Amino acid sequence: MAANTEASGTADAGKQLLHLVFGGTLTDLDKVHFDDLSKLDVVGIYPNYATAYDAWKDAAQRSVDDAHMRYFIVHLHRLLDPDAI
């Protein structure tokens with residue numbers, strides 16, 4: 001079985017798999033609708049999923065006491081090159 005290189009963070013050395021980590025306060029826990037877009041927390045853009053996951057986890061743990069605060073990982077590389085797998 002082939003390993004998922006994106007999940008392990010060991011993508012081809014020359015290939016960037018960019019990921020965006022951001023979060024904000026949701027208006028409703030059942031929907032992804034942010035309370036105030038001007039207050040989104042852009043954590044950063046990362047070269048692979050593994051480092052993005054670490055940043056996501058750190059940000060999510062810092063906001064654990066706020067039930068409406070949510071952080072997300074966006075696979076930018078999929079938006080930039082939707083034909084690539």
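What follows draws every value from the coordinates through simple rules; no lab data is involved. Note that this is a predicted model, so its numbers are computed, not measured. Glycine gets a Cβ as well: all are built from the backbone with ideal geometry, and neighbour counts include every protein chain shown.
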Next item on the list: Starting from the Cα of K39, step 7 Å along the direction of its Cβ; do the same at K15; then give the gap between the two resulting points in nm.
Entry: 4.0 nm
Note to self: List the residues, sorted by chain then number, that are 5 or more residues from V43 or on another chain and whose placed amide H is less than 5 Å from its amide H.
What the structure shows: V21, F22, G23
Check: Considering every pair of different Cα atoms, what Kirkwood radius, in Å, is found for segment 37-85?
Finding: 12.2 Å
Margin query: From the phi angles alone, apply the Karplus equation (6.51, -1.76, 1.60; θ = phi - 60°) to segment 66-76 and give each ³J(HN,Hα) in whole Hz, x where the residue is Gly or Pro.
Written below: 9, 4, 8, 7, 9, 10, 9, 10, 10, 7, 4
Item checked: Estimated vicinal HN-Hα couplings, Hz - segment 45-54 in sequence order (Karplus 6.51, -1.76, 1.60; Gly, Pro = x) -> 10, 10, x, 7, 5, 4, 6, 5, 4, 4
Next item on the list: Using the Cα centre as the reference, give the magnitude of the dipole from point charges on the C-beta atoms of segment 29-85 (Lys, Arg: +1; Asp, Glu: -1; all else neutral), rounded to the nearest 20 debye.
Entry: 60 debye
